[in-house]
1. What number of residues in region 179-201 are outside any helix (DSSP H, G or I) and either without any contact (Cβ under 8 Å) to a residue 40 or more places away in the chain or within 14 Å of T84 (Cβ to Cβ) (or both)?
2. Got a number for residues in region 278-291 being without any contact (Cβ under 8 Å) to a residue 40 or more places away in the chain and assigned to a loop (DSSP other than H, G, I, E, B)?
3. Name, by its number, the condition in (1) crowded, with 20+ Cβ neighbours inside 10 Å; (2) farther than 19 Å from C217 by Cβ; (3) aromatic (F, W, Y) that does not hold for W150.
4. Go through region 244-258 and give me each residue that's outside any loop (DSSP other than H, G, I, E, B), surrounded by fewer than 17 Cβ atoms within 10 Å (Cβ to Cβ) and polar (S, T, N, Q).
5. With at pLDDT 95 or above, crowded, with 22+ Cβ neighbours inside 10 Å and touching a strand residue (DSSP E or B) at 6+ places or on another chain (Cβ under 8 Å) as the only criterion, which of I189, I203 stands out?
6. In this structure, does T324 turn out to be hydroxyl-bearing (S, T, Y), in contact with a helix residue (DSSP H, G or I) (Cβ under 8 Å, 6 or more places away or on another chain), modelled with pLDDT of 95 or more and assigned to a helix (DSSP H, G or I)?
7. Taking M132 as meeting all but one of (1) touching a helix residue (DSSP H, G or I) at 6+ places or on another chain (Cβ under 8 Å); (2) surrounded by fewer than 17 Cβ atoms within 10 Å (Cβ to Cβ); (3) assigned to a loop (DSSP other than H, G, I, E, B), write down the number of the exception.
8. Show the residue pairs meeting these rules: Cβ distance below 9 Å; 6+ apart or different chains; first residue within region 292-303 and without any contact (Cβ under 8 Å) to a residue 40 or more places away in the chain and surrounded by fewer than 20 Cβ atoms within 10 Å (Cβ to Cβ); second residue outside any loop (DSSP other than H, G, I, E, B) and not hydrophobic (A, V, I, L, M, F, W, C).
Amino acid sequence: MKRILIPCLTILVAVACSRDLSLPRGKASAQMDKAFSEYLQAVQDADMGIHSIMVLQHGKVLEEKWMGEGHPDSAHVMFSVSKTFTSTAVGFAIEEGLLHLDDKMVDFFPDLVPDNASDTLRRVTVRHLLTMNCGHAKEPSRSMRDSTDWIRKFLEWPVEFEPGTCFCYNSVGTYMLSAIVQKVTGQKIVDYLEPRLWKPLGIEKPLWQESPEGINCGGWGLFLKTEDMAKMGQCLLDGGRYAGRQVIPATWVEQMSSYQVPSCAAGRNQAETEALGLDPAQSDWLQGYGYQMWRCRHNAFRADGAWGQYIIVIPEADAVVVTTAHARDMQQEINQIWTHLLPALQQ
């Protein structure tokens, strides 16, 4: 399998490098120009801290704008948008037969499993990590701050619930996915993705922060340009295809973007979310979760990062909306997109 794979990847990279992989620009309708102007005024009036926005429809960029700290040639911190790219690496490893959804997490790190490991810990699978259902009541990120051994710390964290029964947003769980992919491929995921994703999309290999163990953080730490994000969004919208080629396996795009489990507000567990009294009809965090991607209202889905980094894919409008920001109210940021841009995209 590997003897076949490596030449194929080499051919794909060579072809990709010889083609123009930039996103084509299109002409926006008068309705879209008006809607975009109203959106820009609304986010300015609300002092939302938007750094950039790009709107695509039918495969073409219709509107784009950089503000404040944003610049078209500067990579922006992605925060948890990074998770979607980690999930993509997992998908490639599964496609290549190196990994399976039901593989047990502890089997990848036998020397680091605590002697008194619980049965619940031993039942955590790759699928549970992907869906934020590994059984934790709280994610263990704070325990990592002074540690140089993140994998061991994660394995020592109490698994209080049966895996698969409790959604709890867990960035360190995504780190474990990065560690697993590195274990089975022998490469950091930023390197593993270079011939499989970065080059086919025409993205210069990005910076991705690492742990003290030399593993890409997975759940955070990736830096991308706005157009890089938009390329990924367009690829996901098109079922993993980009510039006429299948880049991400179509079955994986379908799985990662589909409703897999009920979701809770980011950074909170079920009980804390219920205490907030959020109305699912008004919240884009209560629409379900896929494999490191959130479902949205309007039958959309998104990659989502702290302070308002978004790749929002809207299949029913054949559209993608991408933002970078330092926004205090992330729900309000999405609301402005639904209020001002979505109606124009639906016309």
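1. Going through region 179-201, the residues outside any helix (DSSP H, G or I) turn out to be 186-188, 199-201.
Filter again for either without any contact (Cβ under 8 Å) to a residue 40 or more places away in the chain or within 14 Å of T84 (Cβ to Cβ) (or both), leaving 186-188, 201.
Total satisfying the criteria: 4.
2. Counting residues in region 278-291 that are without any contact (Cβ under 8 Å) to a residue 40 or more places away in the chain and assigned to a loop (DSSP other than H, G, I, E, B) gives 5.
3. With respect to (1) crowded, with 20+ Cβ neighbours inside 10 Å; (2) farther than 19 Å from C217 by Cβ; (3) aromatic (F, W, Y), W150 is out only on (2).
4. First, the residues of region 244-258 that are outside any loop (DSSP other than H, G, I, E, B): 245-246, 250-257.
Right, trim to surrounded by fewer than 17 Cβ atoms within 10 Å (Cβ to Cβ) and you get 245-246, 250-251, 254.
Passing the criteria: Q246, T251.
5. Values: I203 fails: crowded, with 22+ Cβ neighbours inside 10 Å.
Among I189, I203, only I189 is at pLDDT 95 or above, crowded, with 22+ Cβ neighbours inside 10 Å and touching a strand residue (DSSP E or B) at 6+ places or on another chain (Cβ under 8 Å).
6. Details: hydroxyl-bearing (S, T, Y): yes; in contact with a helix residue (DSSP H, G or I) (Cβ under 8 Å, 6 or more places away or on another chain): yes; modelled with pLDDT of 95 or more: yes; assigned to a helix (DSSP H, G or I): no.
It is false that T324 is hydroxyl-bearing (S, T, Y), in contact with a helix residue (DSSP H, G or I) (Cβ under 8 Å, 6 or more places away or on another chain), modelled with pLDDT of 95 or more and assigned to a helix (DSSP H, G or I).
7. The one condition M132 does not meet is (2).
8. Short answer, once both residue conditions are applied: N299/P315; N299/E316.
The values are calculated or read from the model by the stated rules, or taken from the named source; none is laboratory data. Here the structure is a predicted model, which is why all the values come from computation and not from measurement. Here Cβ is always computed from backbone atoms with ideal geometry, including for glycine, and neighbour counts include all displayed protein chains.
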